[in-house]
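First up is the structure itself, then whatever we jot down about it.
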Amino acid sequence: MGLFGFRKQKSGAIAKDRLQLVLFQDRMNTSPEMLEMLKSDIIKVIASYIDIDEDELDISIGGNTDTGEEGPALMANIPIKGWKRR
């Protein structure tokens, strides 16, 4: 186990994640720029309601292993600092 309880991802797992992203982009006919715009838009919407730690957030597209279904899944780990007052 790595620092702070996080496990370092093995190179095989990293390669698998990259391949899944490439396959997703190919199937959806989506460019890397479009995916970055999607991530940026998600961050903007969430940040309009809550204060988030943008340095520590992680948004990725990968396999949907939680439900066992085939196909890609959008996964987000967004640390919340607090709620914004309206």
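Bear in mind these aren't lab numbers, they're just calculated from the coordinates by the rules spelled out. The structure displayed is predicted, hence computed values, not measured ones. Heads up, the Cβs are rebuilt from the backbone with ideal geometry, glycines too, and the neighbour counts pull from every protein chain shown.
Maximal additional length on extending the S48-S60 stretch stands at 2.3 nm, based on 0.36 nm per residue less the C-alpha distance.
Assuming R0 = 30 Å, what is the FRET efficiency of V22 and N77, from their Cβ-Cβ distance, to the nearest 0.05?
Details: r = 22 Å, r/R0 = 0.73.
Plugging the Cβ-Cβ distance into 1/(1 + (r/R0)^6) gives 0.85.
Full extension of the chain between S11 and L38 gives 7.1 nm of extra length, using 0.36 nm per residue less the Cα-Cα distance.
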